[in-house]
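Asks: So that we are looking at the same thing, I have put the structure below in structure tokens.
The values are calculated or read from the model by the stated rules, or taken from the named source; none is laboratory data. Not measured: the values here are computed from a predicted model. As a convention, Cβ positions derive from the backbone with ideal geometry for all residues, glycine included, and neighbour counts pool all protein chains shown.
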């Protein structure tokens, strides 16, 4: 058997996906891939794209970070957000980009780090939506 179980946990839901052959995640130090029998690990995730391969088909998701807990038989993703490329609201993502750029350029926000992170997340959502 070359597949494993993927469990995705967010603050609002738990998704279980059986028979996953590959998952690629945005690690805080760069992307990494997992296949069955991977060495056990806990890895911090950053903002980016998650790719899941099941039955030879790829699906893509946007995330704003979290952690991956990997064992030989299962991968558990503990995520802040998890959004399918097919369900991303383009208008909302574009609006968020414009608001973030406005806050950054006009320095209307006391918390520039928050505005910059908001921009990164919105740009990621937009990029993933085109998958």
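Asks: Hey, can you tell me all the residues within region 45-55 that are touching a residue at least 24 places away in the same chain (Cβ under 8 Å) and either under 20 Å from residue 125 (Cα atoms) or surrounded by fewer than 16 Cβ atoms within 10 Å (Cβ to Cβ) (or both)?
Replies: 45, 47, 48, 49, 50, 51, 52, 53, 55
Asks: Still on this model: Answer yes or no: is there a residue in region 108-118 that is within 28 Å of residue 4 (Cβ to Cβ) and in a loop (DSSP other than H, G, I, E, B).
Replies: Going through region 108-118, the residues within 28 Å of residue 4 (Cβ to Cβ) turn out to be none.
So far as region 108-118 goes, no, none of its residues is within 28 Å of residue 4 (Cβ to Cβ) and in a loop (DSSP other than H, G, I, E, B).
Asks: I'm trying to understand the selection: among the residues of region 35-64, which are out of contact with any helix residue (DSSP H, G or I) (no Cβ under 8 Å at 6 or more places or on another chain) and either at pLDDT below 95 or in a loop (DSSP other than H, G, I, E, B) (or both)?
Replies: Scanning region 35-64 gives 35, 36, 37, 38, 39, 40, 46, 55, 56.
Asks: Limited to region 25-40, what total is found for residues that are surrounded by 14 or more Cβ atoms within 10 Å (Cβ to Cβ) and more than 19 Å from residue 78 (Cβ to Cβ)?
Replies: Number of matching residues: 2.
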